[in-house]
Amino acid sequence: MGARAHQADRGGVTSSQHGHPDGEPGAPGPAAEPGNEKEPDARFTLANERTFLAWNRTALALVVAGLGIVQLLPPFPGVPWGRHALGVPLIVLGAVVSVTAYAEWRQNQTALRRRTPMPQSVLPRILVVTITGVAALSAVVLLVSAAR
């Protein structure tokens, strides 16, 4: 077996530009059928697991930051709801990130087993939108507090 054939067998080289054996982008090949699943290279499985664990560390940090804001931050003068308005969305975001990370881990593992393209992650978009919103809310709370 040549080096290229060995790489293709291990998932390193594909027969078309998008990894589909029939050469049509976006069209699943025979490997996409559930009965044709193969155990992926352990390196890919472990990398998928490391990504899942990294997202869960992020989720845990968001929950802890939210709890810290609600429980430890001194109240904002004139804005009694300020701590909860800032902390609770971070706690909820942590829960969403953790659940989504698990769903994406499963999708990625299935794609690896079926040798289909990896799905695109929604987690970066979720984090960007929510953290931007919390930052804007933080600015509003601070401005309202300073004005009173």
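Since only V64, T110, P89 are under comparison, the one whose Cα sits farthest along the positive direction of the charge dipole of the range 59-148, derived from C-beta charges on Lys, Arg, Asp and Glu, is T110. Rounded to the nearest 20 debye, the dipole size of the range 59-148 about its Cα centre is 340 debye, using +1 on the Cβ of Lys and Arg and -1 on the Cβ of Asp and Glu.
Computed from the Cβ-Cβ distance with R0 of 35 Å, the FRET efficiency linking N36 to L127 stands at 0.50. Summarising the label geometry, the points placed 7 Å from Cα in the beta-carbon direction at L72 and T51 lie 3.2 nm from one another. In this structure, the amide hydrogen of F76, modeled 1.01 Å from its nitrogen in the peptide plane, lies closer than 5 angstrom to those of G82, R83, counting only residues at least 5 positions away or on a different chain. Spin-label pair Q107-A146: with each label point 7 Å from Cα along the Cα-Cβ axis, the two points sit 4.1 nm from one another.
None of the figures in this text is laboratory data; all of them are computed from the coordinates on show. Everything numeric in this text was worked out from a predicted model, so none of it was measured. Positions of Cβ are backbone-derived with ideal geometry, glycine not excepted, and every protein chain shown enters the neighbour counts.
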